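J.: Before I ask anything, here is the structure I am working with.
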Amino acid sequence: MRKILYLLAGGAAKRFGNDKLMMMFGNELVFTYVLKNIIEFNVFDDIVVVADSKKMKKIKEENITGIYMATAGDIRFASLVSAYYTVKPEVNDIILVHDAARPNIKKDLVEKIIEETEKNGNCFPAIKVTDTLRLYNENETKTIERKDIYQIQTPQGFNGEILRRIIEYNGKEMQDITDEGVILEKLGLKIHLIVGDRLNFKITYLSDYMDMVKIIK
């Protein structure tokens with residue numbers, strides 16, 4: 001059984017305004033920071049980085065070796081497919097899919113996800129929502145019960161068989177799929193959650209980046 005990581009680093013970052021993964025954390029780019037940390041975990045047999053040409057060039061410039069590189073697609077699912085066919089897993093392999101925009105990933109969370117994926121076939125780290133939630137649109141406004149609402153994080157774990165079924169999914173709404181859990185639901189498979197890490201948040205806006213810089217320091 002191999003342990004494989006697909007690191008997705010090809011997003012357009014439209015909400016951020018520019019490529020947040022190419023911004024600096026001290027002397028490191030966000031992108032190289034998360035990649036080097038994951039390599040140092042010494043957990044994965046294979047690491048596939050899905051990136052654009054600028055990030056691939058940076059990997060070569062910094063002589064980061066022992067990884068595979070795959071070309072990013074126009075949408076998240078296309079990037080996942082690119083990683084899958086770069087290092088194609090066997091049925092019982094464990095694959096973690098991680099967004100590089102979550103640079104504060106910790107080894108202990110990775111190991112928990114791997115363990116739970118071995119047991120259940122998939123694993124999603126999640127954080128309970130603590131804020132009051134309100135639905136608001138042109139038709140109505142109302143408070144949403146938050147007791148059973150969770151925020152989903154990455155990395156998300158899959159065994160090779162379940163990931164194969166995800167890759168072979170051919171729905172019409174692929175442009176709108178935000179993570180692989182959406183496809184699991186459409187396949188009728190149960191999603192298994194574990195407690196995530198509140199510091200493993202995603203850099204979406206400039207304020208997120210500033211908060212992450214403080215944490216990393």
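J.: Out of everything in the range 61-77 that is among the acidic types (Asp, Glu) and assigned to a loop (DSSP other than H, G, I, E, B), what residue ends up being surrounded by the fewest Cβ atoms within 10 Å (Cβ to Cβ)?
T.: Among them, the one singled out is Asp74.
J.: Moving on. If we keep just the residues of the range 62-78 that are without any contact (Cβ under 8 Å) to a residue 40 or more places away in the chain and of a type in the set (D, E, K, R), which is farthest from Ile166 (Cα to Cα)?
T.: Glu62
J.: Here are some conditions: (1) within 21 Å of Ile166 (Cβ to Cβ); (2) touching a residue at least 24 places away in the same chain (Cβ under 8 Å). Glu115 meets all but one. Which one does it not meet?
T.: Failed condition: (2).
J.: Let me ask another. May I ask you to list the residues in the range 165-210 that are loosely packed, with under 13 Cβ neighbours inside 10 Å, part of a helix (DSSP H, G or I) and either on the phi > 0 side of the Ramachandran plot or of a type in the set (Asp, Glu) (or both)?
T.: Asp176, Glu185
J.: Please specify each residue of the range 78-136 satisfying the condition of being assigned to a loop (DSSP other than H, G, I, E, B), small (Gly, Ala, Ser) and either surrounded by fewer than 19 Cβ atoms within 10 Å (Cβ to Cβ) or touching an Asp or Glu at 6+ places or on another chain (Cβ under 8 Å) (or both).
T.: Across the range 78-136, the qualifying residue is only Gly121.
J.: Next question. So which of Gly171, Gly160, Gly121 is touching a helix residue (DSSP H, G or I) at 6+ places or on another chain (Cβ under 7 Å) and at pLDDT 90 or above?
T.: Details: Gly171 fails: at pLDDT 90 or above; Gly160 fails: touching a helix residue (DSSP H, G or I) at 6+ places or on another chain (Cβ under 7 Å).
From the options Gly171, Gly160, Gly121, the qualifying one is Gly121.
J.: Here is a further query. Which of the residues spanning the range 35-60 are surrounded by fewer than 17 Cβ atoms within 10 Å (Cβ to Cβ), of a type in the set (Asp, Glu) and more than 19 Å from Arg102 (Cα to Cα)?
T.: Scanning the range 35-60 gives a single hit, Asp45.
J.: Checking Ile162 against (1) without any contact (Cβ under 8 Å) to a residue 60 or more places away in the chain; (2) out of contact with any Phe, Trp or Tyr (no Cβ under 7 Å at 6 or more places or on another chain); (3) surrounded by fewer than 18 Cβ atoms within 10 Å (Cβ to Cβ), which single condition isn't satisfied?
T.: (3)
J.: Looking at the range 38-52, can you tell me whether even one residue there is of a type in the set (S, T, N, Q) and either more than 12 Å from Leu5 (Cα to Cα) or in contact with a Leu (Cβ under 6 Å, 6 or more places away or on another chain) (or both)?
T.: No, the range 38-52 contains no residue that is of a type in the set (S, T, N, Q) and either more than 12 Å from Leu5 (Cα to Cα) or in contact with a Leu (Cβ under 6 Å, 6 or more places away or on another chain) (or both).
J.: In addition: Go through the range 1-60 and give me each residue that's at pLDDT 95 or above, farther than 22 Å from Val81 by Cβ and in a loop (DSSP other than H, G, I, E, B).
T.: Asn42, Val43
J.: Any idea which residue in the range 58-83 is farthest from Phe31 (Cα to Cα), counting only those that are β-branched (Val, Ile, Thr) and touching a helix residue (DSSP H, G or I) at 6+ places or on another chain (Cβ under 7 Å)?
T.: The residue in question is Val81.
J.: Would you check which residues across the range 192-214 are of a type in the set (Ser, Thr, Tyr) and either at pLDDT 95 or above or under 15 Å from Met24 (Cβ atoms) (or both) and list them?
T.: Tyr209
The values are calculated or read from the model by the stated rules, or taken from the named source; none is laboratory data. Only a predicted model underlies this, so the values are computations on that prediction, with no experimental measurement involved. Note that each Cβ is placed from the backbone with ideal geometry, even for glycine, and that neighbours are counted across all protein chains shown.
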